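Worksheet: one structure, shown below.
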Amino acid sequence: MSATSADAPPPPAPPAAARPAAPPRSRRRGVELSLTVAAVLVSVYGYAEVGLATRGAVPGDAAGYGAGLALLAVLAHLAVRARAPYADPLLLPIAVLLNGFGLVLIYRLDLEPSLGPRAAPTQLVWSTLGITLFVLVVLALDDHRVLARYSYVGVTAALALMAAPIFFPAVNGAKIWIRFAGFSIQPGEFAKVLLAVFFAAYLSANRAALAYTGRQVFGLRRLQLPTGRVLGPVLAIWLLSVGLLVLERDLGTSLLFFGLFVVLLYVATGRTGWVAVGLLLSAAGAVAVSSLEPHVHSRVEDWLHPFASIDAGLGPGQLAQSLFAFGNGAVLGTGLGQGHPELIGFATKSDFILATPGEELGLAGLCALLALYALLVARGMQAGLALRDPFGRLLAVGLATILALQVFVITGGVTDLIPLTGMAMPFLAQGGSSVVTNWIIVALLIRVSDSARRPPPEPPEDTP
Amino acid sequence: MIRCIRRCAVLGLVLLLALAVNAVRVMVVDAGKSAHDPANRRIAIARYQHPRGGILAGGRTVTGSQDTGSQLAYARTYRDGPLYAPVTGFASQTYGTSLLEGTEDGLLSGTSSRLASVPLWNEITRNRQRPGDVHTTIDPAAQKAAYEGLAGRRGAVAALDPATGRILALVSSPSYDPGLLSGTGPAVTAQWQRLNDDPAQPMLDRAIRQTYPPGSAFKVVTAAAALESGAVTDLLAPTDSPDPYRLPGTTWSLTNEGRGCADASVYDAFRVSCNTVFAKLGADVGQSAMARQAEAFGFNDTRLRIPPGVAKSNFDTAMSPDQVALSSIGQFDTTATPLQMAMVAAAVGNGGELMTPYLVDRVTNHGGAVVARTGPVRMHRAVSEDTAEQLQQLMEAVVSDGTGTNAAIPGAVVGGKTGTAQHGVGNKGTPYAWFISYAKPPGASRAAVAVAVVVEDAEAARADISGGGSAAPIARDVMRSVLAAPPHPYGPRGGAG
């Protein structure tokens with residue numbers, strides 16, 4: 001400390017060979033398991049709470065419900081542990097929590113006789129089917145890249161599925177249902193995943209051509225149009241699907257497909273111009289549809305003047321009732337089972353299901369729900385960032401976008417931020433096809449996140 | 001690609017923030033607005049989710065709540081509904097509230113912040129308080145005596161404790177059962193329609209919301225003005241008044257029903273109710289002194305709340321001398337509620353001190369702790385002690401040896417004044433029979449009860465020179481029932497429970 005001064009030699013660098021081997025990357029399966037158990041407990045607590053608030057007693061089947069949900073969740077966890085050990089540990093618990101809470105909500109709404117027949121048992125059957133499919137996908141799908149091979153088969157199936165409801169009678173003005181043997185299926189829901197796979201596969205295969213060939217529009221490089229041969233098939237399929245949906249008056253899903261297409265095109269090509277074109281097209285489409293379709297026009301009117309029917313002496317409309325419900329919830333909510341979602345009437349269990357947690361759990365509960373969805377979306381995007389293959393990236397982003405757009409469109413719709421468009425809140429809303437589809441989406445996200453987080457294979461170590 | 005995915009994620013974040021900000025707008029900023037939107041049925045549902053607080057008379061609740069099993073769970077029930085309707089009013093899920101049900105609604109429905117032990121915390125949690133009870137000043141025995149005395153005839157009774165202003169009885173007849181309006185549905189609508197179409201106006205609270213020409217009962221006020229202004233110094237001295245009396249500035253002559261009114265003394269004129277003497281007295285005292293005296297008794301006051309609002313009793317402030325003369329015998333534009341005339345009698349019986357009338361003794365929270373209490377509040381000194389004493393002589397003479405002998409109660413000192421008010425075009429309507437009075441318990445110097453009775457369709461009244469025939473017996477029964485009860489302590493009653 002005295003003699004050694006400026007000219008003291010620097011401390012010797014540690015020898016490269018002595019660097020300790022990187023610890024084995026944590027797989028975080030334990031975290032996933034404990035969070036999943038917590039998600040089941042929260043759902044069972046909610047179930048008991050509804051019973052306590054409305055009947056003064058814990059529902060008799062709370063234990064059975066909890067055991068069933070726990071069994072399904074643990075099976076799903078075991079499947080992930082076995083076949084996707086590096087998967088993001090948050091995806092499964094969030095899905096279990098959202099699905100479990102959705103069941104609680106529907107059970108709670110079933111207590112209001114004015115809202116129609118009971119829906120929770122059916123929803124439970126569909127949830128079971130959804131989790132079973134989740135397990136099957138996780139077990140059967142080794143590598144997400146396999147999907148790219150079947151993208152054309154998938155998209156053909158998607159179009160067929162979407163076309164099918166045309167031959168079935170309309171329900172509440174929309175021809176989006178297939179009914180048989182007492183079940184009703186919304187094939188457009190399944191088509192979402194198939195279309196996302198197709199878009200991801202096609203765009204990843206052709207992204208170079210999309211990005212660098214073709215004519216420039218107005219001499220702008222950012223608006224370079226790809227050649228018809230490259231853009232043609234994807235544009236055709238997209239137009240076909242949106243056209244079908246317009247025919248069936250399923251505006252929510254057509255909006256979703258449009259947004260999905262624009263986002264994936266942007267991510268694949270990196271051209272901001274596509275976003276501009278997309279926004280312009282959607283604006284034009286929105287104006288055209290809202291002026292041509294009286295149904296849509298009234299939705300826009302409702303959005304701008306949600307309380308107009310009250311002033312006209314006709315009593316509150318559905319959107320006004322929804323806003324009343326949210327207002328009644330305020331910051332902390334009335335408590336599960338203690339609101340009045342029955343006042344919203346028709347579609348309380350489906351499009352308007354968010355009004356119930358809004359009223360009964362308040363702003364706090366609503367923000368918690370939105371945070372769960374945001375986490376799900378963010379983890380999907382993160383997987384997209386970490387993946388190395390373009391197909392996987394686009395698939396992850398596409399799946400996350402499907403979730404994000406649905407959540408935004410529904411939440412924005414029922415809270416009067418944007419015009420209302422009928423869509424199912426992922427995992428919460430009543431609807432079998434939707435629950436099943438969302439479980440498949442989560443399964444695919446598990447698969448891509450597993451690839452994204454899997455450490456690269458260790459190079460063979462030199463042993464002297 | 002990485003950059004684009006990042007941007008997509010940022011866009012997602014922006015959308016999430018938009019949702020959150022909008023949620024704050026809907027659920028916090030605009031929440032109050034939607035909570036008060038009458039189209040929001042939650043208000044009504046929350047309101048009727050729990051039984052409503054009680055309204056009590058004499059320590060017993062006269063109201064109840066019944067679970068109807070419908071969305072608006074609890075409907076109001078009433079015990080002796082028609083008897084207490086002029087006090088309670090109605091609380092209807094269809095038509096809102098009236099009278100005490102209306103003015104004390106926050107307390108009865110549990111929304112009043114007065115019920116919260118920690119008001120600020122209550123604002124945050126928005127917990128509904130358990131409703132409180134309203135203890136009225138009504139004396140059930142007096143109420144019943146008044147109601148039975150009217151026996152379904154059109155009319156009203158108001159009774160006061162002169163020393164405190166406590167309202168002991170408030171009766172309107174014919175009455176209705178407010179329970180018929182409690183719920184929802186066609187039965188309630190039909191009842192509402194029927195009650196509103198009924199020409200007898202059963203929902204009108206005649207005791208405080210209807211004014212009548214007070215007729216000769218107003219002569220108490222005229223006598224008070226004459227004494228206070230010095231126009232009369234000796235009750236027994238003959239007044240210089242002709243019979244008939246030609247109204248000043250007109251050719252119309254006023255006559256009397258009885259005889260012996262020419263130059264009669266104030267004492268005799270009051271006893272037999274001479275119109276000529278008091279019309280002339282009023283004209284002599286003059287417009288402004290008359291109005292001042294009437295106002296000292298509570299006339300022309302639009303602000304009186306007991307807490308339900310009381311209709312304004314009128315004494316015009318700009319009149320010609322002939323109009324003043326007519327007003328001084330309770331005709332022309334002079335009108336009064338029964339409560340107002342009870343206040344006149346009460347002020348006289350209380351040595352000239354007028355106490356503010358009140359109907360709510362105290363309100364308690366669910367646990368029985370007193371949330372608020374009404375105490376005696378002096379309103380005005382209506383007349384001096386001397387004048388009050390002279391007025392008492394006059395009123396007591398009416399009962400002992402005048403038109404009001406029907407009101408006499410053995411053992412008690414009773415003062416009164418009859419009135420028969422002509423009304424209708426050319427006085428064609430059935431006259432209103434009035435009787436206002438006070439009663440002192442044996443040995444007491446101040447009155448313990450003051451009553452005003454008005455009977456609209458007094459059959460015998462036209463022939464009768466006064467309300468002594470039909471109204472005085474009702475007043476007597478009410479006073480007797482109050483005197484029979486143990487005297488009421490003016491301080492807190494029954495502790496906090």
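Of the residues making up segment A:94-134, those that are open to solvent by less than 30 Å² (accessible area, probe 1.4 Å) and more than 24 Å from A:Gly337 (Cα to Cα) are A:Gly130, A:Ile131, A:Phe134. Here the condition is being open to solvent by 10 Å² or more (accessible area, probe 1.4 Å), among the β-branched types (Val, Ile, Thr) and more than 14 Å from chain B (Cβ to nearest Cβ); of A:Ile440, A:Ile446, it holds for A:Ile440 alone. Only one of the listed residues (A:Thr36, A:Thr54) is part of a helix (DSSP H, G or I), modelled with pLDDT under 90 and not basic (Lys, Arg). That residue is A:Thr54. Tell me which residues, restricted to segment A:261-273, are surrounded by fewer than 22 Cβ atoms within 10 Å (Cβ to Cβ) and among the aliphatic types (A, V, I, L, M). Listed by number, the list holds a single entry, A:Val262. For segment B:7-52, the set of residues classified as more than 7 Å from every other protein chain (Cβ to nearest Cβ), over 23 Å from A:Asp416 (Cα atoms) and not polar (S, T, N, Q) consists of B:Arg7, B:Ala44, B:Ala46, B:Arg47, B:Tyr48, B:His50, B:Pro51, B:Arg52, listed by residue number. Taking the criterion of being modelled with pLDDT under 85 and either facing chain B (nearest Cβ under 8 Å) or touching a strand residue (DSSP E or B) at 6+ places or on another chain (Cβ under 6 Å) (or both), the residues of segment A:300-315 that qualify are A:Ile310, A:Gly315. Every condition in (1) more than 23 Å from A:Leu109 (Cβ to Cβ); (2) surrounded by fewer than 17 Cβ atoms within 10 Å (Cβ to Cβ); (3) of a type in the set (A, V, I, L, M) holds for A:Ala76 except the one numbered (2).
Among the residues making up segment B:279-315, those that are part of a loop (DSSP other than H, G, I, E, B) and surrounded by fewer than 17 Cβ atoms within 10 Å (Cβ to Cβ) are B:Gly286, B:Asn300, B:Asp301, B:Thr302, B:Arg303, B:Pro307. Looking across segment A:135-144, the residues that are over 10 Å from A:Arg447 (Cα atoms) and open to solvent by 40 Å² or more (accessible area, probe 1.4 Å) come down to A:Leu136, A:Ala140. Taking the condition part of a loop (DSSP other than H, G, I, E, B), small (Gly, Ala, Ser), open to solvent by 10 Å² or more (accessible area, probe 1.4 Å) and within 23 Å of B:Arg25 (Cβ to Cβ), does A:Gly333 pass? When the stated conditions are applied, A:Gly333 passes them. Within segment B:381-395, the presence of at least one residue that is surrounded by fewer than 24 Cβ atoms within 10 Å (Cβ to Cβ) and in a strand (DSSP E or B) is confirmed. The single residue among A:Gly362, A:Gly327 that is facing chain B (nearest Cβ under 10 Å), on the phi > 0 side of the Ramachandran plot, surrounded by 20 or more Cβ atoms within 10 Å (Cβ to Cβ) and not in a loop (DSSP other than H, G, I, E, B) turns out to be A:Gly362. Against the test of being more than 8 Å from chain B (Cβ to nearest Cβ), in contact (Cβ under 8 Å) with a residue 60 or more places away in the chain and open to solvent by less than 30 Å² (accessible area, probe 1.4 Å), the options A:Leu387, A:Leu420, A:Leu405 yield a single qualifying residue, A:Leu387. Selection within segment A:423-437: residues that are in a helix (DSSP H, G or I) and among the hydrophobic types (A, V, I, L, M, F, W, C). The member of this set that is surrounded by the most Cβ atoms within 10 Å (Cβ to Cβ) is A:Val435.
Within segment A:247-260, being open to solvent by 10 Å² or more (accessible area, probe 1.4 Å), of a type in the set (A, V, I, L, M, F, W, C) and within 14 Å of another protein chain (Cβ to nearest Cβ) holds for one residue alone: A:Leu255.
One residue stands out in segment A:261-299 among those that are touching a Leu at 6+ places or on another chain (Cβ under 7 Å) and closer than 26 Å to B:Ile5 by Cβ: the one that is nearest to the other protein chains (Cβ to nearest Cβ), namely A:Val267.
Could you check, for segment A:336-351, whether at least one of its residues is surrounded by fewer than 24 Cβ atoms within 10 Å (Cβ to Cβ), at the interface with chain B (Cβ under 8 Å from one of its Cβ atoms), touching a Leu at 6+ places or on another chain (Cβ under 8 Å) and within 21 Å of B:Ala23 (Cα to Cα)? The answer is no, given that none of the residues of segment A:336-351 is surrounded by fewer than 24 Cβ atoms within 10 Å (Cβ to Cβ), at the interface with chain B (Cβ under 8 Å from one of its Cβ atoms), touching a Leu at 6+ places or on another chain (Cβ under 8 Å) and within 21 Å of B:Ala23 (Cα to Cα). Elements of the type helices (runs of 4 or more DSSP H) sitting completely within segment B:1-52 and holding at least 2 residues that are open to solvent by 40 Å² or more (accessible area, probe 1.4 Å) and among the charged types (D, E, K, R): these cover B:2-24, B:41-47. Entry remark, segment A:167-221: residues being part of a loop (DSSP other than H, G, I, E, B) and either farther than 21 Å from A:Val137 by Cβ or at pLDDT 85 or above (or both) number 15 in total. For A:Leu394, indicate whether it is part of a helix (DSSP H, G or I), open to solvent by less than 30 Å² (accessible area, probe 1.4 Å), free of Cβ contacts under 8 Å to residues at least 40 places away in the same chain and facing chain B (nearest Cβ under 10 Å). Judged against the criteria, A:Leu394 is not a match. Here the condition is being at pLDDT below 90, closer than 30 Å to B:Asp133 by Cα, touching a strand residue (DSSP E or B) at 6+ places or on another chain (Cβ under 9 Å) and not aromatic (Phe, Trp, Tyr); of B:Gly419, B:Gly404, B:Gly368, it holds for B:Gly368 alone. Per the conditions (1) under 30 Å from A:Ala208 (Cβ atoms); (2) open to solvent by 10 Å² or more (accessible area, probe 1.4 Å); (3) within 11 Å of another protein chain (Cβ to nearest Cβ); (4) assigned to a helix (DSSP H, G or I), the sole criterion not satisfied by A:Ala374 is (1). Just checking, which of B:Ser470, B:Ser437 is at pLDDT 90 or above and surrounded by 22 or more Cβ atoms within 10 Å (Cβ to Cβ)? Sole residue among the options that is at pLDDT 90 or above and surrounded by 22 or more Cβ atoms within 10 Å (Cβ to Cβ): B:Ser437. From the list B:Arg60, B:Arg76, which one is more than 14 Å from every other protein chain (Cβ to nearest Cβ), under 30 Å from B:Arg209 (Cβ atoms), in contact with a strand residue (DSSP E or B) (Cβ under 6 Å, 6 or more places away or on another chain) and of a type outside the set (Val, Ile, Thr)? Going through B:Arg60, B:Arg76 in turn, just one is more than 14 Å from every other protein chain (Cβ to nearest Cβ), under 30 Å from B:Arg209 (Cβ atoms), in contact with a strand residue (DSSP E or B) (Cβ under 6 Å, 6 or more places away or on another chain) and of a type outside the set (Val, Ile, Thr): B:Arg76. Quick check: anything in segment B:243-261 over 20 Å from B:Lys417 (Cβ atoms) and basic (Lys, Arg)? For segment B:243-261, residues over 20 Å from B:Lys417 (Cβ atoms) and basic (Lys, Arg): present.
The values are calculated or read from the model by the stated rules, or taken from the named source; none is laboratory data. This is a predicted model, so every value here is computed, not measured. Backbone-built Cβ (ideal geometry, glycine too); neighbour counts: all protein chains shown. To get the accessible areas, we keep the full protein, side chains included, count just its heavy atoms, and leave off ligands, DNA and RNA. Shrake-Rupley method; radii C 1.70, N 1.55, O 1.52, S 1.80 Å.
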